[in-house]
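Derivation of every value follows stated rules applied to the coordinates shown; laboratory data play no part. This structure is a prediction, so every number in the text was calculated from the model and none was measured. FYI the Cβ positions are ideal-geometry reconstructions off the backbone, even for glycines, and counts take in every protein chain you see.
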Amino acid sequence: MSTAEYRLRYTEEYLLQAMHRYRKTLWWRGQYAALRWILAAALVVLLAVAVWGRAYTAVIVLCALLGALIGITVFGNPIDAWIAIRRLRKSPFHNNDLIFRISDNEIHVTGTNEETHLKWSAFSKARRFVDGLLLFQGPHFFNWLPDSAAVDAASVDQVMSLAKLHVTDYRDG
């Protein structure tokens, strides 16, 4: 079997795209949007009780807590992205050109500052999205292989087949 190849640059856009795909794999992220609306409704009710019931102290504390929770759900992703981008810009891997060569035995990654050989057994799960493949090495460490980085269309199909064959926990995104 031949080797599939992906070529990409480790930029802010790539990092944010990878983080976005990772978040889509987290089961509890789907309820986050509903939680935002529930918290907002609770905040409105508590404010109404504070105004008409004059139970100011307790309600103000509850409103502050709910406001903080809403703030985290609304501003959490942008703050997380800002921190990740700042860290990447300070990293020696920023704007690194990477080549992923994927064969039946391993994934070989080369770049300006690195060279890594990973056996398929290093990957605990894989998630296929319409625009790429997310390969996990444990619960929070992953590699994003966007289809746009594949050298040819055959590489995408080959990598998908290899991931299905070698990664026990393979699913479509």
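Which residue, chosen from 82, 140, 108, occupies the Cα position most advanced towards the positive end of the dipole of segment 65-148, where the dipole is computed from +1 (Lys, Arg) and -1 (Asp, Glu) charges on Cβ about the Cα centre?
Value: 82.
To check my understanding: the extent here is largest minus smallest coordinate of the Cα atoms along each principal axis. What are those three numbers for the chain, in Å, largest first?
74, 34, 25
Using alpha carbons only, how many degrees (0 to 90, rounded to 10) separate the axis of helix 153-166 from the longest principal axis of the chain?
Helix 153-166 sits at roughly 80 degrees to that axis.
For helix 29-53, what angle does its Cα long axis make with the longest principal axis of the chain, in degrees from 0 to 90 and rounded to 10?
Orientation of helix 29-53: about 10 degrees from the principal axis.
Give me the percent relative contact order of segment 63-173, please, defined on Cα pairs under 8 angstrom at least 6 residues apart.
Relative CO of segment 63-173 lands at 18 percent.
Just to confirm the number: angle between the C-alpha axis of helix 56-89 and the first principal axis of the chain, 0 to 90 degrees, nearest 10?
20
Place a +1 charge on the Cβ of each Lys and Arg in the chain and a -1 charge on the Cβ of each Asp and Glu, then give the dipole magnitude about the Cα centre in debye, rounded to the nearest 20.
Dipole of the chain, to the nearest 20 debye: 780 debye.
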